[in-house]
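Notes follow the structure.
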(Lines give C-alpha, C1' and ligand atoms only; values in the text may rest on other atoms or scores of the structure.)
Protein backbone atom coordinates (compact mmCIF):
# COMPACT_ATOMS: atom_id res chain seq x y z
CA UNK A 1 0.00 0.00 0.00
CA UNK A 2 1.57 3.34 -1.02
CA UNK A 3 1.91 6.28 1.34
CA UNK A 4 -0.96 8.24 -0.24
CA UNK A 5 -3.43 5.37 0.19
CA UNK A 6 -2.25 4.88 3.79
CA UNK A 7 -2.90 8.54 4.57
CA UNK A 8 -6.34 8.38 2.97
CA UNK A 9 -7.24 5.26 4.94
CA UNK A 10 -6.01 6.80 8.20
CA UNK A 11 -8.07 9.95 7.54
CA UNK A 12 -11.17 7.88 6.80
CA UNK A 13 -10.80 5.86 10.01
CA UNK A 14 -10.33 9.08 11.99
CA UNK A 15 -13.56 10.56 10.60
CA UNK A 16 -15.49 7.36 11.39
CA UNK A 17 -14.19 7.26 14.98
CA UNK A 18 -15.01 10.93 15.56
CA UNK A 19 -18.52 10.45 14.21
CA UNK A 20 -19.04 7.47 16.48
CA UNK A 21 -17.89 9.46 19.51
CA UNK A 22 -20.17 12.40 18.67
CA UNK A 23 -23.27 10.27 17.98
CA UNK A 24 -23.80 9.64 21.69
CA UNK A 25 -22.28 11.74 24.43
CA UNK A 26 -20.25 9.91 27.03
CA UNK A 27 -22.11 10.51 30.29
CA UNK A 28 -20.06 8.39 32.65
CA UNK A 29 -16.45 7.64 33.46
CA UNK A 30 -14.87 5.34 36.02
CA UNK A 31 -13.09 6.81 39.04
CA UNK A 32 -10.02 5.41 40.77
CA UNK A 33 -12.16 3.74 43.47
CA UNK A 34 -14.27 1.88 40.93
CA UNK A 35 -17.31 4.18 41.12
CA UNK A 36 -18.66 6.05 38.11
CA UNK A 37 -18.78 9.77 37.48
CA UNK A 38 -21.80 11.00 35.51
CA UNK A 39 -22.63 14.12 33.56
CA UNK A 40 -26.36 13.92 32.92
CA UNK A 41 -28.40 15.92 30.44
CA UNK A 42 -31.93 17.04 31.31
CA UNK A 43 -34.50 19.16 29.47
CA UNK A 44 -37.99 20.65 29.75
CA UNK A 45 -40.11 23.03 27.66
CA UNK A 46 -40.76 25.84 30.20
CA UNK A 47 -38.75 28.99 30.85
CA UNK A 48 -36.04 29.24 33.50
CA UNK A 49 -38.35 31.18 35.84
CA UNK A 50 -40.91 28.34 35.89
CA UNK A 51 -41.25 25.88 38.78
CA UNK A 52 -40.00 23.09 36.48
CA UNK A 53 -36.65 24.85 36.35
CA UNK A 54 -36.69 25.12 40.13
CA UNK A 55 -37.36 21.38 40.34
CA UNK A 56 -34.47 20.72 37.95
CA UNK A 57 -32.08 22.79 40.04
CA UNK A 58 -33.14 21.04 43.25
CA UNK A 59 -32.62 17.69 41.52
CA UNK A 60 -29.13 18.76 40.40
CA UNK A 61 -28.28 19.68 44.00
CA UNK A 62 -29.67 16.40 45.37
CA UNK A 63 -27.77 14.30 42.83
CA UNK A 64 -24.52 16.12 43.54
CA UNK A 65 -24.83 15.79 47.33
CA UNK A 66 -26.08 12.19 47.44
CA UNK A 67 -23.37 10.98 45.05
CA UNK A 68 -20.53 12.88 46.75
CA UNK A 69 -20.04 14.91 43.61
CA UNK A 70 -20.06 12.01 41.14
CA UNK A 71 -23.33 13.03 39.49
CA UNK A 72 -23.61 16.37 37.68
CA UNK A 73 -26.72 17.58 35.84
CA UNK A 74 -26.77 19.95 32.85
CA UNK A 75 -30.22 21.52 32.40
CA UNK A 76 -31.65 22.71 29.07
CA UNK A 77 -34.89 24.70 29.69
CA UNK A 78 -37.23 26.41 27.26
CA UNK A 79 -37.38 23.61 24.70
CA UNK A 80 -33.70 24.06 23.76
CA UNK A 81 -33.49 20.40 22.72
CA UNK A 82 -36.68 20.51 20.65
CA UNK A 83 -40.39 19.85 21.12
CA UNK A 84 -41.62 16.98 23.27
CA UNK A 85 -41.82 14.50 20.39
CA UNK A 86 -38.10 15.06 19.76
CA UNK A 87 -37.30 14.85 23.47
CA UNK A 88 -38.98 11.44 23.70
CA UNK A 89 -36.82 10.17 20.83
CA UNK A 90 -33.71 11.48 22.58
CA UNK A 91 -34.72 9.69 25.77
CA UNK A 92 -35.32 6.49 23.84
CA UNK A 93 -31.89 6.53 22.20
CA UNK A 94 -30.10 7.74 25.33
CA UNK A 95 -28.82 11.08 24.04
CA UNK A 96 -30.84 12.73 26.84
CA UNK A 97 -30.91 11.23 30.33
CA UNK A 98 -33.88 12.98 31.96
CA UNK A 99 -36.82 15.18 31.00
CA UNK A 100 -39.96 16.71 32.40
CA UNK A 101 -42.75 15.89 29.95
CA UNK A 102 -46.33 17.15 29.97
CA UNK A 103 -49.10 14.67 30.64
CA UNK A 104 -51.26 16.05 27.79
CA UNK A 105 -48.49 15.20 25.32
CA UNK A 106 -47.81 11.80 26.85
CA UNK A 107 -51.55 11.00 26.80
CA UNK A 108 -51.37 11.15 23.00
CA UNK A 109 -49.06 8.11 23.26
CA UNK A 110 -50.54 6.50 26.38
CA UNK A 111 -54.36 6.90 26.43
CA UNK A 112 -54.67 5.99 30.13
CA UNK A 113 -52.85 9.19 31.09
CA UNK A 114 -55.81 11.17 29.77
CA UNK A 115 -57.26 10.55 33.23
CA UNK A 116 -55.19 13.51 34.43
CA UNK A 117 -56.81 15.73 31.79
CA UNK A 118 -60.35 15.20 33.06
CA UNK A 119 -62.07 18.61 33.36
CA UNK A 120 -62.80 19.97 36.85
CA UNK A 121 -61.74 16.72 38.53
CA UNK A 122 -59.92 18.47 41.38
CA UNK A 123 -61.28 21.25 43.55
CA UNK A 124 -57.83 22.51 44.53
CA UNK A 125 -54.14 22.17 43.80
CA UNK A 126 -53.75 20.37 47.13
CA UNK A 127 -56.11 17.63 45.92
CA UNK A 128 -54.21 17.27 42.66
CA UNK A 129 -50.90 16.94 44.49
CA UNK A 130 -52.35 14.26 46.77
CA UNK A 131 -53.66 12.38 43.71
CA UNK A 132 -50.07 11.79 42.56
CA UNK A 133 -49.75 9.14 45.27
CA UNK A 134 -53.00 7.32 44.45
CA UNK A 135 -52.76 3.69 43.34
CA UNK A 136 -53.91 4.34 39.78
CA UNK A 137 -51.53 7.31 39.38
CA UNK A 138 -48.57 5.16 40.36
CA UNK A 139 -49.68 2.39 37.98
CA UNK A 140 -49.77 4.92 35.15
CA UNK A 141 -46.08 5.68 35.62
CA UNK A 142 -45.32 2.05 34.78
CA UNK A 143 -47.04 2.42 31.41
CA UNK A 144 -44.14 4.54 30.16
CA UNK A 145 -41.92 1.45 30.10
CA UNK A 146 -43.39 0.32 26.79
CA UNK A 147 -42.28 3.64 25.28
CA UNK A 148 -38.66 3.11 26.24
CA UNK A 149 -39.13 5.59 29.09
CA UNK A 150 -39.01 5.37 32.86
CA UNK A 151 -41.65 7.37 34.74
CA UNK A 152 -40.05 8.27 38.07
CA UNK A 153 -42.53 10.74 39.54
CA UNK A 154 -45.01 13.53 38.95
CA UNK A 155 -44.18 17.21 38.74
CA UNK A 156 -47.26 19.16 37.58
CA UNK A 157 -47.14 22.79 36.53
CA UNK A 158 -50.15 23.75 38.66
CA UNK A 159 -53.87 24.36 38.28
CA UNK A 160 -54.90 25.61 34.86
CA UNK A 161 -57.19 28.60 34.50
CA UNK A 162 -58.22 30.70 31.48
CA UNK A 163 -56.46 33.91 30.50
CA UNK A 164 -58.66 35.80 28.04
CA UNK A 165 -57.98 38.59 25.60
CA UNK A 166 -61.43 40.14 25.94
CA UNK A 167 -64.41 39.75 28.30
CA UNK A 168 -64.31 37.25 31.19
CA UNK A 169 -66.49 34.15 31.29
CA UNK A 170 -69.04 33.62 34.07
CA UNK A 171 -71.14 30.66 32.87
CA UNK A 172 -70.92 27.96 30.22
CA UNK A 173 -72.89 30.23 27.87
CA UNK A 174 -69.98 32.68 27.76
CA UNK A 175 -67.69 29.99 26.32
CA UNK A 176 -69.65 29.57 23.08
CA UNK A 177 -67.71 30.64 20.02
CA UNK A 178 -64.43 31.31 21.84
CA UNK A 179 -61.21 30.06 20.27
CA UNK A 180 -59.38 28.63 23.24
CA UNK A 181 -55.94 27.05 23.20
CA UNK A 182 -55.19 23.85 25.06
CA UNK A 183 -52.15 21.61 24.94
CA UNK A 184 -54.11 18.56 23.87
CA UNK A 185 -55.61 15.47 25.43
CA UNK A 186 -58.79 14.09 23.81
CA UNK A 187 -60.97 14.61 26.89
CA UNK A 188 -59.95 18.26 27.21
CA UNK A 189 -60.72 19.13 23.61
CA UNK A 190 -64.00 17.20 23.63
CA UNK A 191 -65.20 18.86 26.83
CA UNK A 192 -64.72 22.43 25.62
CA UNK A 193 -66.08 21.59 22.20
CA UNK A 194 -69.29 20.31 23.83
CA UNK A 195 -69.59 23.66 25.60
CA UNK A 196 -69.57 25.40 22.22
CA UNK A 197 -65.99 26.64 22.20
CA UNK A 198 -63.47 26.04 19.43
CA UNK A 199 -60.62 24.30 21.29
CA UNK A 200 -57.25 24.45 19.57
CA UNK A 201 -54.26 22.27 20.42
CA UNK A 202 -51.16 24.46 20.28
CA UNK A 203 -47.60 24.39 21.62
CA UNK A 204 -46.47 26.92 24.23
CA UNK A 205 -44.10 28.73 21.86
CA UNK A 206 -46.97 29.76 19.56
CA UNK A 207 -49.34 31.12 22.20
CA UNK A 208 -48.09 34.70 22.69
CA UNK A 209 -48.28 35.68 19.02
CA UNK A 210 -51.57 33.82 18.53
CA UNK A 211 -53.14 35.65 21.46
CA UNK A 212 -51.72 38.94 20.27
CA UNK A 213 -53.04 38.60 16.70
CA UNK A 214 -56.43 37.13 17.62
CA UNK A 215 -55.82 33.64 16.30
CA UNK A 216 -57.03 32.58 19.75
CA UNK A 217 -59.25 34.38 22.27
CA UNK A 218 -57.62 32.81 25.29
CA UNK A 219 -55.48 30.02 26.61
CA UNK A 220 -55.47 27.47 29.37
CA UNK A 221 -52.44 28.22 31.57
CA UNK A 222 -51.12 27.95 35.12
CA UNK A 223 -50.22 31.09 37.04
CA UNK A 224 -46.50 30.30 36.97
CA UNK A 225 -46.39 30.01 33.17
CA UNK A 226 -48.62 33.07 32.78
CA UNK A 227 -46.03 35.13 34.63
CA UNK A 228 -42.98 33.62 32.93
CA UNK A 229 -44.51 33.91 29.44
CA UNK A 230 -45.94 37.41 30.19
CA UNK A 231 -49.36 36.83 28.63
CA UNK A 232 -50.73 39.51 30.95
CA UNK A 233 -49.18 42.06 28.55
CA UNK A 234 -51.80 41.25 25.89
CA UNK A 235 -54.74 39.78 27.87
CA UNK A 236 -57.53 41.49 29.81
CA UNK A 237 -58.36 39.03 32.57
CA UNK A 238 -57.48 35.75 34.25
CA UNK A 239 -60.50 33.68 35.28
CA UNK A 240 -59.83 31.11 38.01
CA UNK A 241 -61.65 28.21 36.42
CA UNK A 242 -59.38 25.55 37.92
CA UNK A 243 -60.56 23.29 35.11
CA UNK A 244 -57.59 20.91 35.28
CA UNK A 245 -54.39 20.17 37.13
CA UNK A 246 -51.80 20.32 34.38
CA UNK A 247 -49.72 17.21 34.83
CA UNK A 248 -46.03 16.63 34.28
CA UNK A 249 -43.95 13.49 34.65
CA UNK A 250 -40.26 13.29 35.45
CA UNK A 251 -38.97 10.78 32.94
CA UNK A 252 -35.65 8.99 32.52
CA UNK A 253 -34.10 7.15 29.61
CA UNK A 254 -34.97 3.54 30.44
CA UNK A 255 -32.00 2.22 28.47
CA UNK A 256 -29.48 4.46 30.25
CA UNK A 257 -30.95 3.98 33.72
CA UNK A 258 -31.07 0.18 33.52
CA UNK A 259 -27.40 0.04 32.48
CA UNK A 260 -26.28 1.79 35.67
CA UNK A 261 -25.09 0.01 38.82
CA UNK A 262 -27.91 -0.63 41.27
CA UNK A 263 -26.44 1.68 43.90
CA UNK A 264 -26.38 4.56 41.41
CA UNK A 265 -29.98 3.85 40.38
CA UNK A 266 -30.94 4.15 44.04
CA UNK A 267 -29.17 7.49 44.39
CA UNK A 268 -31.13 8.84 41.42
CA UNK A 269 -34.43 7.43 42.72
CA UNK A 270 -33.89 9.02 46.14
CA UNK A 271 -32.87 12.36 44.60
CA UNK A 272 -35.97 12.43 42.39
CA UNK A 273 -38.20 11.62 45.38
CA UNK A 274 -36.67 14.50 47.36
CA UNK A 275 -37.17 16.92 44.44
CA UNK A 276 -40.79 15.80 44.00
CA UNK A 277 -41.48 16.39 47.70
CA UNK A 278 -39.90 19.84 47.39
CA UNK A 279 -42.21 20.47 44.45
CA UNK A 280 -45.36 19.67 46.43
CA UNK A 281 -44.53 22.31 49.04
CA UNK A 282 -43.26 24.85 46.50
CA UNK A 283 -46.33 24.50 44.29
CA UNK A 284 -48.68 25.58 47.05
CA UNK A 285 -46.44 28.49 48.01
CA UNK A 286 -45.98 29.69 44.46
CA UNK A 287 -49.67 29.45 43.59
CA UNK A 288 -50.53 31.89 46.38
CA UNK A 289 -47.62 34.21 45.58
CA UNK A 290 -48.22 34.10 41.81
CA UNK A 291 -51.88 35.07 42.06
CA UNK A 292 -50.98 37.97 44.34
CA UNK A 293 -48.34 39.16 41.86
CA UNK A 294 -50.66 38.78 38.87
CA UNK A 295 -53.17 41.15 40.46
CA UNK A 296 -50.61 43.90 39.83
CA UNK A 297 -50.90 43.30 36.08
CA UNK A 298 -54.33 41.90 35.27
CA UNK A 299 -57.74 41.33 36.93
CA UNK A 300 -57.84 37.91 38.64
CA UNK A 301 -61.48 36.79 38.76
CA UNK A 302 -63.39 33.91 40.32
CA UNK A 303 -65.61 31.72 38.12
CA UNK A 304 -69.13 32.68 39.16
CA UNK A 305 -71.16 29.67 37.98
CA UNK A 306 -68.90 26.66 38.44
CA UNK A 307 -71.81 24.25 38.84
CA UNK A 308 -72.78 24.53 35.17
CA UNK A 309 -69.24 23.49 34.20
CA UNK A 310 -69.26 20.56 36.63
CA UNK A 311 -72.47 19.20 35.14
CA UNK A 312 -70.91 18.92 31.69
CA UNK A 313 -67.75 17.44 33.17
CA UNK A 314 -69.75 14.48 34.47
CA UNK A 315 -70.64 13.52 30.91
CA UNK A 316 -66.94 13.29 30.05
CA UNK A 317 -66.20 11.22 33.16
CA UNK A 318 -68.85 8.68 32.22
CA UNK A 319 -67.71 8.38 28.62
CA UNK A 320 -64.01 7.90 29.38
CA UNK A 321 -64.65 5.61 32.34
CA UNK A 322 -66.39 3.23 29.96
CA UNK A 323 -63.46 3.38 27.54
CA UNK A 324 -60.71 2.56 30.03
CA UNK A 325 -60.70 0.82 33.42
CA UNK A 326 -57.66 2.72 34.70
CA UNK A 327 -59.26 6.08 33.89
CA UNK A 328 -62.37 4.92 35.72
CA UNK A 329 -60.32 3.94 38.77
CA UNK A 330 -58.46 7.28 38.78
CA UNK A 331 -61.71 9.26 38.63
CA UNK A 332 -63.27 7.17 41.41
CA UNK A 333 -60.19 7.58 43.62
CA UNK A 334 -59.90 11.32 43.17
CA UNK A 335 -63.26 12.91 42.33
CA UNK A 336 -65.29 14.66 45.01
CA UNK A 337 -68.16 15.61 42.71
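Considering the stretch 99-165, the qualifying helices (runs of 4 or more DSSP H), each wholly inside and each with 1 or more residues that are more than 16 Å from the chain's Cα centre (by Cα), run over 125-131, 135-142. Select, from 104, 168, the only residue that is in contact (Cβ under 8 Å) with a residue 60 or more places away in the chain, crowded, with 16+ Cβ neighbours inside 10 Å and under 21 Å from residue 317 (Cα atoms). Only one candidate passes the filter, namely 104. For the stretch 188-210, give me each residue that is touching a strand residue (DSSP E or B) at 6+ places or on another chain (Cβ under 6 Å) and part of a loop (DSSP other than H, G, I, E, B). Correct list: 197, 202. Restricting the stretch 65-98 to residues that are part of a loop (DSSP other than H, G, I, E, B) and over 18 Å from the mean Cα position of the chain (by Cα) leaves a set whose member that is nearest to residue 151 (Cα to Cα) is 94. Restricting attention to the stretch 174-187, the residues that are free of Cβ contacts under 8 Å to residues at least 24 places away in the same chain and outside any loop (DSSP other than H, G, I, E, B) add up to 2. The residue of the stretch 209-230 that is surrounded by the fewest Cβ atoms within 10 Å (Cβ to Cβ), among those that are touching a residue at least 24 places away in the same chain (Cβ under 8 Å) and more than 19 Å from the chain's Cα centre (by Cα), is 214.
The single residue among 287, 282, 229 that is closer than 30 Å to residue 305 by Cβ and assigned by TED's automatic domain parsing to the domain that holds residue 101 turns out to be 287. Do we have residue 62 as in contact with a helix residue (DSSP H, G or I) (Cβ under 7 Å, 6 or more places away or on another chain) and either outside any strand (DSSP E or B) or modelled with pLDDT under 95 (or both) here? Considered against the rule, which asks whether it is in contact with a helix residue (DSSP H, G or I) (Cβ under 7 Å, 6 or more places away or on another chain) and either outside any strand (DSSP E or B) or modelled with pLDDT under 95 (or both), residue 62 comes out as yes.
The values are calculated or read from the model by the stated rules, or taken from the named source; none is laboratory data. Computed from a predicted structure; not experimentally measured. Reconstructed Cβ throughout: ideal geometry from the backbone, glycine too, with neighbour counts over all protein chains shown.
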